[in-house]
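Only one structure is covered here, and it is reproduced in the block below.
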Amino acid sequence: MTHNTVKASDYAFTLLRYLTLFGLLGTILIPLAFVISVSFRPPEEFFTSGVYLIPKNPSLEAWEQALRFLVEPLKNSLLIASGTTIVSMLIAVPGAYVFGRKEFPGKDIIYYALFVSLLFPHILLIAPITDIWFEIKLYNTVIGMWLALQVFVIPFMIYILRDYFEKLPQNLEEAAQIYGCTEFTAFVRVVLPIAMPAVVAVAFLAFLIGWNEFLFANMLTSGQGPRPAIVELFLLTQGTSGNVYWGRLMAITLVLGTPPTVLYLFARSYLGQAFNIT
Amino acid sequence: MPPKAAQETDKQSKSSPSTHVLIEDMRKTFDDGSIVACQDINLSINEDEFVVFVGPSGCGKTTTLRCIAGLEIPDSGHVEIQGREVTHLKPKDRDVAFVFQDITLFPHMTVRQNIQFGLDMKTSLSGSEKEEKVREVAQMLGIEELLDRQPSALSGGQQQRVSLGRAMVMDPSAFLLDEPFSALDANLRDRMRIEVKKLQQKLNKSMIFVTHDQEEAMTLGDKIVVMNDGRIQQIGSPYEIYNEPANHFVAQFIGSPSTNLMPCTLEAGRDGISISSGFFELELPPDLADQINGYEGRVDLGVRPEHLELGEDGIFEADIQVVEPHGSRDAVYLTAGDRELVAVVDAGVIPQDRDTIQVDMDIDKIWLFKESGERLL
Amino acid sequence: MLALLLILWLPFTRGIWMSLHEWPVVGERTFIGFDNYEFLLGWDTFYISIKATIIYGLSTVLQLVIALVAALLIVNQKWFKNFTSSLFLLPYTLPPVVSGTVWLYLLDPNFGPILTALTDYGLLENGLFWRSSGDLAITVITLVGAWTFWPFMFIIILATLQSIPEEHYEAAKIYGANRVQRFLKVTLPQLKSAIIVAVTLRTIWNLSKVAQPLQMTGGGPGYDTSVLGILLYRFASDNGRMGLSFAVGIFLLLLTSVFIVVFIRENRRSQQTELK
């Protein structure tokens, strides 16, 4: 233990590690660098040949076009994502609490029914949901989107939050009850404030699912309805290859990619914990 | 103590009988009755008594305590506090305080907010009154400087002190403590024990303390309730419990090193009654023989390690296995026949390298237990 | 709670009913029994779709390898662990449609930097029109899928790696285990559950991905990259054949159900060990 001899193989190993590390980072950073670079090129520059990173005639034209294009869709995205978040919190937070810390008959069965729907391929449901939404006049409405997205937001949230609630100290609510709380006030005054960071993290996740979701958004909205930005981006990339203004598209991807990335980085520690199965 | 509140409880207790907490025929089961946590619990606790529930884990002591607190509702029987039937009341309406085994301070509140929590929830005192109470309690516990810290910044001992403070500030009619010090290290545990004992004497409130550590029980309790298998085995002062165990279990559980128990046979011979094990025989003197009313057959003979006398003559010979120093005394581990025995003697009396020794015992200091575990003598 | 279950399971039940019908978005519905299922089973394209789904699902393996390597590389880094792992997460945090757009550009045969670079250096004669070759198209979407989703596994594996106590490695060292042995005897066994969970979860999700491959290839050429999800989407969205669409979904469910069972078992097992 005291004399660790450093061998040549150790150096080789270390070198290999760093090479791999930088290689991996490269697969992420190089595309990102191109995306940023391209978003600052004017339309004419796309017909010049050669691969280079620094734009020859930097311009903001792509960004101007992108932002003008995105005003309405972004509003829709924001509305859909935040509404989805609020609705899901109202259901999932108390739900997860009950699953995490209370006993009631049928708990296991209900939990598994929920749990399976976490794994369930949700796209399966686009046909019936589209159909039902048509019938109950939720097609092309913001509320329709809020409700449809609950199908996969809620199981996910409950799964993560239940785990968190379960791991809180055993007697927390009991201590609160001894000192004057009812079961309900114990939840509101003690458990909820403690769980706040996790709850916020999960809210972020719900928001970004609402923001990123494409399939349901595409099925359940049309050009006249609250079509979110993701769907608009998708449509822009369809059936066009020759004369796309890639600069504008890349600017749009940057705008759409930033909010979920920021939220995700906040939420990630909780996600890791929830799936940390040893 | 806050004088006003103290007077109030005084008045109440004068009007109520001296019994403060009363449990009658209580029974509690879990999993639809398949697990009996405790049964036939009958107990009365006086106003200023320090009562300790002691027993191995799973003996029902914590369940009993939780039934008093209202965290569990018993299946049958009832609980009274200060003459008031509380069996089915919610915890918050019982006027008791509970200190949990694992530290349950609310991590999102400061120490001050933690202590004040109960006052916020249950009373309508003004801010300054609450502050005054918190300050007094903190002073008593020596945690004034900690008031504005977060629980996570405190040591285990400090956290448990805050838990006590949170209980004390409510000025409850009874304190319930569920193994509050089991998470602390040995030294700190000893200090906290003394503090709690002093505190109880100062507050003059009944305190019910649960522990699995018989030594802790002996040092703390005015009254000790020994439990096993969901039943109360014996209730008594530390001296009674130690010197006059009601049954086999209590004899074995209380005391360290634990009581020597040897299977023997009781036989009525020509000269009276004799006890014989594989390796010794004892005559019961007539006065003791009378007490057992002609019982015959298998018994367990119990004798405390300090009542085994080691020396040059005795009733049997034993091999010395190990001599274990315990400061002023030595524990001597012996084998005789196929039994393992332990004796406690003054330090240094038995040389470390000695192999065998004669063992004697004082016939007045032995106990006999029937096979059912009941005390015979 | 019950309302919640209703939201989740009512559409499913209705879907089964729908799959027994010829069910257009608007208009007459006719009960046709199992015709939808029979049609699919007798339709050659359906098998192309299943093949594509399985190939696409195999990107899970690629994701696992990358995630495992990445997690092992940075678990012992002190200074830039957090920063690096955040960077690693970037592909996953972008909406799939966004990363799909990015790769559409990077791989654009005319203007994209990657193929341009390859032709400039003389490695390729012409631009590679990968969207018109079935084999290339499925390869591209599989690789891009791997690029997009590996960080999810990375999070899980890294979290588990970090929870392996240092003492285990020290003990192994004292008993003379070398680097490879330490990995095989200490790290891998403790990662086993995490890997099973990550792989099953990811497989289920990969098998039912739609947005990104749909965006990149439109399911073509022909049906070569129409994974079941895309097929399902095409029936529902382009043709308005809801019943048939759900029937495809049922096959997708069957395909994933194996993994669902594995996941639930693993989850249950780990909860039981936690209780102990």
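The values are calculated or read from the model by the stated rules, or taken from the named source; none is laboratory data. This is a predicted model, so every value here is computed, not measured. Here the Cβ is made from the backbone with ideal geometry for all residues, glycine too, and neighbour counts use every protein chain on show. Keep in mind that these areas ignore ligands, DNA and RNA; they rest on the heavy atoms of the full protein, side chains included. Shrake-Rupley method; radii C 1.70, N 1.55, O 1.52, S 1.80 Å.
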| field | Cα gyration tensor shape of chain B, rounded if a/c is under 1.5, else prolate or oblate by comparing a/b with b/c | value | prolate
| request: Starting from the Cα of B:Ser237, step 7 Å along the direction of its Cβ; do the same at B:Asp93; then give the gap between the two resulting points in nm. | output: 4.0 nm
| Angle, helix C:96-106 long axis vs. longest principal axis of chain C, Cα atoms, 0 to 90°, nearest 10? | 80 degrees
| Span-like helices, chain A: DSSP H, alpha-carbon axial extent 30 Å or more, mean Kyte-Doolittle 0.5 or greater, which ones? | A:8-39, A:61-101, A:142-167, A:246-274
| Per the Debye formula with a single identical scatterer at each Cα and no solvent contribution, what log10 I(q)/I(0) holds for chain C at q = 0.12, 0.13 Å⁻¹? | -0.91, -1.02
| task | Calculate, for B:Arg354 and B:Ile73, the FRET efficiency according to 1/(1 + (r/R0)^6) with r their C-beta to C-beta distance and R0 51 Å; round to the nearest 0.05. | result | 0.30
| field | Separation between Cα centres of the range A:165-239 and the range B:105-181, rounded to whole Å | value | 34 Å
| field | In the C-A interface, the accessible area buried, summed over both sides, Å² (probe 1.4 Å) | value | 7900 Å²
| Pick from B:Gly60, B:Gly142, B:Gly221: which is most flexible by mean-square fluctuation in a GNM of chain B where alpha carbon atoms under 10 Å apart are linked? | B:Gly142
| Per residue of C:222-231, how many C-beta atoms from partner chains lie within 10 Å of its own C-beta, taken as a mean? | 1
| field | Sum of -39500 (n - 2.57) over DSSP H runs of 4+, divided by residues of the protein assembly as shown (222 nm, nearest 500) | value | -17500 deg cm²/dmol
| query | lysines within cross-link reach of B:Lys365: Cα-Cα under 26 Å, excluding same-chain residues under 8 positions apart? | reply | B:Lys223
| Estimated vicinal HN-Hα couplings, Hz - the range C:230-235 in sequence order (Karplus 6.51, -1.76, 1.60; Gly, Pro = x) | 5, 4, 4, 5, 4, 4
| said: Please compute the modelled spin-label separation between A:Lys7 and C:Asp120, points set 7 Å along Cα→Cβ, answer in nm with one decimal. | reply: 4.4 nm
| request: Could you pull out every one of the aspartates and glutamates with an alpha carbon less than 12 Å from that of B:Lys28, ignoring same-chain neighbours closer than 8 positions? | output: B:Asp40, B:Glu72, B:Asp75
| query | Ignoring ligands, DNA and RNA, what percent of the accessible area of the protein assembly as shown is carbon or sulfur (1.4 Å)? | reply | 57 percent
| said: Need one word for the protein assembly as shown: rounded, prolate or oblate. Basis is the Cα gyration tensor (sqrt eigenvalues a ≥ b ≥ c); a/c below 1.5 gives rounded, then a/b vs b/c decides. | reply: prolate
| Accessible-area value, B:Cys59, 1.4 Å probe, nucleic acids and ligands omitted, Å² | 0 Å²
| query | When Cβ neighbours within 10 Å are restricted to other protein chains, what is their mean count per residue of peptide A:163-172? | reply | 3
| query | Which whole number gives the average count of other chain Cβ atoms within 10 Å of the Cβ atoms across peptide A:106-119? | reply | 4
| Which of A:Pro226, A:Pro259, A:Pro128 moves most in a GNM of chain A, Cα contacts under 10 Å? | A:Pro128
| said: Taking the Cα centroid of the range B:233-257 and of the range C:186-263, what is the distance between the two, rounded to the nearest whole Å? | reply: 68 Å
| message | For the pairs B:Lys90/B:Lys205; A:Lys107/C:Lys81; A:Lys7/C:Lys78, flag any whose C-alpha to C-alpha distance is greater than 32 Å. | response | A:Lys107/C:Lys81
| request: Rank by packing, highest mean first: peptides C:211-220, A:192-201, with packing defined as the count of other Cβ atoms within 10 Å averaged across residues. | output: C:211-220, A:192-201
| message | I need the trypsin sites (Lys or Arg not before Pro) found in the range B:87-184, filtered to DSSP loop residues with at most 16 other beta carbons within 10 Å of theirs. | response | B:Arg149
| note | With every protein chain kept in place and a 1.4 Å probe, the residues C:Tyr47, C:Tyr92 fall, from largest accessible area down, as C:Tyr47, C:Tyr92
| field | Å² per residue, accessible surface of chain B at 1.4 Å | value | 45 Å²
| remark: Put B:Ser152, A:Ser117 in order of accessible area, largest first, probe 1.4 Å, and you get B:Ser152, A:Ser117
| query | Between A:Tyr52 and C:Thr45, what is the label-to-label distance in nm when each label sits 7 Å out along the Cα-to-Cβ direction? | reply | 4.6 nm
| Say we join alpha carbon atoms closer than 10 Å with springs in a Gaussian network model of chain A; which of A:Arg248, A:Arg189, A:Arg162 then has the biggest fluctuation? | A:Arg189
| query | For A:Gly83, what is the net charge nearby, where nearby means another residue's Cβ is under 13 Å from its Cβ and Lys, Arg count +1, Asp, Glu -1? | reply | 0
| query | Could you give the distance between the Cα centres of the range C:49-69 and the range A:134-161, to the whole Å? | reply | 29 Å
| field | Area buried, chain A against chain B - accessible surface, total, 1.4 angstrom probe, square angstrom | value | 1800 Å²
| said: Can you tell me the orientation of helix B:186-203 relative to chain B, as the angle in degrees between its alpha-carbon axis and the longest Cα principal axis, to the nearest 10? | reply: 60 degrees
| How much of C:Phe31 can a 1.4 Å solvent probe reach, expressed as accessible area in Å² and rounded to 10? | 130 Å²
